[in-house]
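All of the numbers you see were taken from the coordinates with simple rules; none came from a lab. This structure is a prediction, so every number in the text was calculated from the model and none was measured. Every residue, glycine among them, receives a Cβ derived from its backbone with ideal geometry; neighbour counts consider all protein chains shown.
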Amino acid sequence: MATYTFLTSSVKEVTSKINRIINKCKKQGIPYTFNVGEAYDKIIENKENNQRFSVNVTDIEIEVNFKFNGWTSLGAVTRKDGIVQCYFNDAALIKQYKDTDFHCDHCHKHAHRNSVIILEHENGERKVVGTSCVQEFTCGLDGNLIASFNDLDSYLAKKDSELGILLQGESLDDMPISVFCEHVGNPVYAVKDIIACASRLVRINGYENSNSDDATWKFILDLYGRTSVMMDDKDAYAEAERAIAWIANMTEEEYTSSSYLFNLHQIIDAGLCSMRHFGILASIIPSYQKSEYKRIQSERPASNFYGNVGDKVSLTLTFTKSISYNSQYGTGYFHFFSDEQGNIFKWSTNSPMEFGVKEPNSDYTSLHSLDQGAVVKISGRIKAHDEYRGEKQTVITRCKYEVIESKERDRKVAEMNEEYNRNKDYKCPWEKTFDDLLEHCFGGK
């Protein structure tokens with residue numbers, strides 16, 4: 001039985017959708033379990049400001065046993081905009097059915113189908129059946145009802161993720177794909193461009209999942225249309241390339257380990273996407289950042305506490321990751337660092353980690369996101385010694401920092417100097433003398 005946790009304010013909306021499925025189950029005599037628990041308060045602490053507030057939440061249990069005449073539904077395979085997507089809880093089923101030809105084992109017609117249901121009999125026999133043929137094949141099961149329940153399951157998982165946000169900056173390990181917006185006119189977009197837009201949005205505003213009114217994917221199309229802004233954001237495209245490589249370089253064993261990774265791999269392999277894929281493509285940024293952080297963590301020695309609580313410190317540290325989150329106080333950040341001994345330091349603040357580059361022959365300084373692996377000199381006070389998932393973390397606060405080494409900063413400086421040297425001799429028409437204009441227009445006086 002699956003248990004989901006929701007904000008109590010969302011329970012009315014959630015139960016309304018569940019009841020639509022449950023009412024159909026009642027009519028068709030399909031056994032189910034549906035329980036709504038008591039509301040309770042979950043205490044959340046903002047450690048930076050020493051403030052605590054409560055969030056009222058409710059647990060809901062639901063299970064539907066799609067079993068009729070010995071046949072049980074194992075999951076579904078769908079085809080949307082030419083991209084195959086799987087909905088299974090078992091990685092072995094993804095590997096087995098990811099290459100299905102959507103042929104129905106019941107009617108044996110070679111019709112174009114957008115979805116098939118995988119059925120298993122009590123005797124172990126399995127069949128791939130078109131959605132419209134399920135009821136006739138099983139003499140009772142409604143294929144459309146099974147498809148509706150799969151959509152409901154994805155919806156419940158999304159709503160449940162509202163409480164997975166980010167007090168420790170952790171994103172979900174397994175995020176289900178679902179349709180995030182209506183698809184009108186079948187426009188297509190380059191996957192790399194969409195992920196780059198998501199990268200810029202996450203860097204500036206933090207990641208908002210699809211449950212939020214300010215969900216990251218909702219702003220992608222607007223940013224996509226601002227071509228000049230995105231063309232200048234090389235940081236976003238660089239992260240997009242790294243995220244795409246992370247998925248593309250996975251072995252089949254790795255990307256078939258979950259429906260989320262398999263569906264991401266399918267979209268990235270296609271190279272083009274539609275608006276319905278913006279949600280899952282936006283989620284690749286926090287997922288990639290989490291994976292990269294874990295990789296770095298696995299390569300360093302075990303962390304120990306540094307100093308004593310209350311000590312003032314001035315340290316040279318390596319910046320390992322920065323994770324943003326949104327709360328009622330606005331956008332916040334958890335910045336993580338490590339020293340040469342592998343000790344982990346965490347700083348919670350409302351400011352992103354950035355470096356400034358003074359533009360040549362100008363007083364203007366542009367700000368850019370600090371890259372992982374940059375070396376900073378940071379001073380502050382040790383606030384606490386915490387342990388998270390077995391990892392010892394030294395929490396620092398009221399910090400100031402100076403960037404000592406940064407490959408991204410060096411690249412940005414070289415890029416600006418190159419552009420300045422290329423354009424420094426250019427004169428606007430109103431800056432040119434009359435002789436210059438004659439030379440330009442007629443080759444001389």
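Hey, rough spin-label estimate for Arg79 and Ser366, points 7 angstrom out along Cα→Cβ, what's it come to in nanometres?
4.6
Can you give me the P(r) profile for segment 65-154? Cα pairs, bins 5 angstrom wide beginning at 0, each as a whole percent.
3, 14, 28, 28, 20, 6, 1, 0
Greater than 18 Å separation of Cα atoms is the criterion. Which listed pairs, Lys95/Lys127; Lys234/Lys377; Lys98/Lys294; Lys321/Lys392; Lys290/Lys400; Lys290/Lys407, meet it?
Working: Lys95/Lys127 16 Å; Lys234/Lys377 26 Å; Lys98/Lys294 28 Å; Lys321/Lys392 16 Å; Lys290/Lys400 25 Å; Lys290/Lys407 21 Å.
With Cα atoms farther than 18 Å apart: Lys234/Lys377; Lys98/Lys294; Lys290/Lys400; Lys290/Lys407.
Which residues in segment 92-123 have a backbone N closer than 20 Å to a point placed 7 Å from the Cα of Cys139 along the Cα-to-Cβ line?
Under cut-off, by backbone N: 105-108, 119-123.
Scattering from the C-alpha atoms of segment 312-415 alone, worked out with Debye: what is log10 I(q)/I(0) at q = 0.17, 0.18, 0.21, 0.23 1/Å?
-0.82, -0.91, -1.15, -1.29
At a temperature of 10 °C and a viscosity of 1.306 mPa s, determine how fast segment 221-334 diffuses translationally according to Stokes-Einstein, using the Kirkwood radius over alpha-carbon pairs as Rh; express D in µm²/s, rounded to the nearest whole number. Don't jump to the answer; show the numbers that get you there.
Details: Rh = 17.3 Å.
For the chosen part, D equals 92 µm²/s.
For the pair Asp339 and His121, what calculated FRET efficiency results from E = 1/(1 + (r/R0)^6), where r is the Cβ-Cβ distance and R0 = 56 Å, to the nearest 0.05?
The value I calculate is 0.40.
Beta carbons within 10 angstrom, averaged per residue: use that to sort the peptides 309-318, 274-283, 69-78, highest first.
Details: 309-318: 14.6, 274-283: 23.9, 69-78: 18.3.
Highest to lowest by the protection proxy: 274-283, 69-78, 309-318.
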